[in-house]
Amino acid sequence: MITLALAGKPNCGKSTLYRAATLAPAEIANYPFTTIDANRGVAYVRVPCPCTSLEHRCGVCVDGIRYVPVHLIDVAGLVPDAYTGKGLGNQFLDHLRQADAIINVIDASGATDIEGTPDDIGSHDPLEEIPMLETEMTMWLFGIIEKHWSKMQRQAQVKNYNVYAGLAELLAGLSIREEHVVDAERESGINFRSAQAEDLQKFARILLKYSKPMIQAGNKADQAPAELIAKVKGAGISLISGAAELVLRSAAEHNLIIYHPGDESFRIPDGVSLNAAQQEGLAKIRGFMETYGGTGVQQVINRAVFELLDQIVVYPVEDETHLTDAKGRVLPDAFLMKKGSTPHDLAYQVHTDIGKGFLYAIDAKTKMRIKETALLKDGDIIKIVSTAK
């Protein structure tokens, strides 16, 4: 399963955002390092379900909305020089190694300094937070590479030694692959055989871009003054409110409102009576949603998965006529896969044995056989024919 990490300085609202996205309990408090260990939970991407155009609905989606799970990690706050051990240091950087992509949460309200200490709203520039995470991760990765670099350069003198594979093996625990190393070396323009420390820092920064793509989310936007909203929005950063999303999901869970994560608004069911405080709170949230087309939380998760990680959703079935599995369930499974994946890749993702015994695939929408090397499309419904049972 894809893993996203919420990262940023203390008190930028990561734990509130995490709880909103997962509805999992996480300690939320207004002091640095509330999160001592990374919280881990399940969030979801939102896509239209194909069953809305079928005779039989799937029973898995919610009002035609399909939610596909991803892992979400809430990493404790980073402070400047964390890579040297400052704050809670490398243990939190280490949590980020598990992530496929990172949502860099910044405090759009400007109510905390660079170390996360609370201050007056609008007293700090949110954009100053953006380079900090990248710098900390770069120096952390550089430190790992530099520690082993002399040995690797000696090995590079040996005929047939693959320095790309060697680096990928060294960094495998960070989910860094050989193709990431090759792409980063090419873009950085360095030569591994003669690279110096400053070259390796540049290389590490670019390697992170390929292996840990990052998106920014301007949290607490519902509290931000107009000048900071304009500044954050002008930098192309998504404006979100984790607190508003948490209120909405909690209210929906208690049947006070009708709201699906990612909706642009919500409604109060007939017969539901809200007290004055509830009405006032929901009115403020409605105003924010009307301005920004929702709370932004579901949207930023979708962007991380579909834009940063270039994923599509594919639905495997056993019966291409009725679009069911062996138990007769309509479209029970939805898999996230990289764009460019093939039916054979899907077979392996369903089960290793099915991949090994792959014979061919059928496009359930056209009922036509498709090639093993054909490229899957978003929303495809595919039957895999395999020798494996």
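The values are calculated or read from the model by the stated rules, or taken from the named source; none is laboratory data. What you are looking at is a predicted structure, and each value in this text was computed from that prediction instead of being measured. Please note: Cβ atoms are built from the backbone with ideal geometry, for glycine as well, and neighbour counts cover all protein chains shown. Calculation scope for accessible area: heavy atoms of the full protein, side chains included, ligands and nucleic acids excluded. Shrake-Rupley method; radii C 1.70, N 1.55, O 1.52, S 1.80 Å.
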Original post:
in contact with a strand residue (DSSP E or B) (Cβ under 9 Å, 6 or more places away or on another chain), in a helix (DSSP H, G or I) and closer than 21 Å to A304 by Cα - does that describe any residue in the stretch 185-206?
Top reply: no
**OP:** Please find, among A165, A195, the residue that is within 30 Å of I2 (Cα to Cα) and either aliphatic (A, V, I, L, M) or touching a Gly at 6+ places or on another chain (Cβ under 7 Å) (or both).
**Re:** A165
**OP:** Name every residue in the stretch 229-281 that is among the polar types (S, T, N, Q), surrounded by 17 or more Cβ atoms within 10 Å (Cβ to Cβ) and assigned to a helix (DSSP H, G or I), in order of residue number.
**Re:** none
Original post:
Looking only at the stretch 310-330, which residues are buried (at least 19 other Cβ atoms within 10 Å of the Cβ) and either modelled with pLDDT of 95 or more or in a strand (DSSP E or B) (or both)?
Top reply: Q311, I312, V313, V314, Y315, P316, V317, V330
Original post:
Given the conditions (1) at pLDDT 90 or above; (2) open to solvent by 20 Å² or more (accessible area, probe 1.4 Å); (3) assigned to a strand (DSSP E or B), and given that R40 satisfies all but one, which numbered condition is not satisfied?
Top reply: (1)
Subject >> Failed item, numbered, when R186 is tested on (1) among the charged types (D, E, K, R); (2) open to solvent by less than 60 Å² (accessible area, probe 1.4 Å); (3) more than 25 Å from the chain's Cα centre (by Cα) >> reply: (2)
**OP:** Please state which of the following conditions A374 fails to meet, knowing it meets all the rest: (1) hydrophobic (A, V, I, L, M, F, W, C); (2) over 25 Å from the mean Cα position of the chain (by Cα); (3) open to solvent by 40 Å² or more (accessible area, probe 1.4 Å).
**Re:** (3)
Original post:
So which residues in the stretch 189-208 are within 22 Å of the chain's Cα centre (by Cα), open to solvent by less than 40 Å² (accessible area, probe 1.4 Å) and touching a residue at least 24 places away in the same chain (Cβ under 8 Å)?
Top reply: A204, L207, L208
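How many residues does the stretch 184-237 contain that are among the basic types (K, R) and within 23 Å of Q98 (Cα to Cα)?
4
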Subject >> Tally, over the stretch 199-250, of residues that are of a type in the set (V, I, T) and farther than 24 Å from T16 by Cβ >> reply: 1
Original post:
Inside the stretch 216-228, can you point out the residues that are surrounded by 18 or more Cβ atoms within 10 Å (Cβ to Cβ) and aliphatic (A, V, I, L, M)?
Top reply: A217, A221, A224, L228
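Kindly evaluate I285 against the criterion of being buried (at least 16 other Cβ atoms within 10 Å of the Cβ), without any contact (Cβ under 8 Å) to a residue 60 or more places away in the chain and out of contact with any strand residue (DSSP E or B) (no Cβ under 6 Å at 6 or more places or on another chain).
Considered against the rule, which asks whether it is buried (at least 16 other Cβ atoms within 10 Å of the Cβ), without any contact (Cβ under 8 Å) to a residue 60 or more places away in the chain and out of contact with any strand residue (DSSP E or B) (no Cβ under 6 Å at 6 or more places or on another chain), I285 comes out as no.
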**OP:** Return the residue satisfying two criteria in turn: it lies in the stretch 332-356 and is open to solvent by 70 Å² or more (accessible area, probe 1.4 Å) and in contact with a Ser or Thr (Cβ under 9 Å, 6 or more places away or on another chain), and of such residues it is farthest from V317 (Cα to Cα).
**Re:** K356
Original post:
Does the stretch 19-37 hold any residues that are at pLDDT 75 or above and open to solvent by less than 20 Å² (accessible area, probe 1.4 Å), and which are they?
Top reply: A20, A21
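For (1) more than 19 Å from F203 (Cα to Cα); (2) open to solvent by less than 10 Å² (accessible area, probe 1.4 Å); (3) at pLDDT 90 or above, each residue gets a yes or a no:
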| position | (1), (2), (3) |
| --- | --- |
| R97 | no, no, no |
| D119 | yes, no, yes |
| L141 | no, yes, no |
| N162 | no, no, no |
Original post:
Conditions: (1) outside any loop (DSSP other than H, G, I, E, B); (2) buried (at least 17 other Cβ atoms within 10 Å of the Cβ). E307 meets all but one. Number of the miss?
Top reply: (2)
Original post:
Of all residues in the stretch 357-369, which are of a type outside the set (D, E, K, R), open to solvent by 80 Å² or more (accessible area, probe 1.4 Å) and within 20 Å of V330 (Cα to Cα)?
Top reply: M368
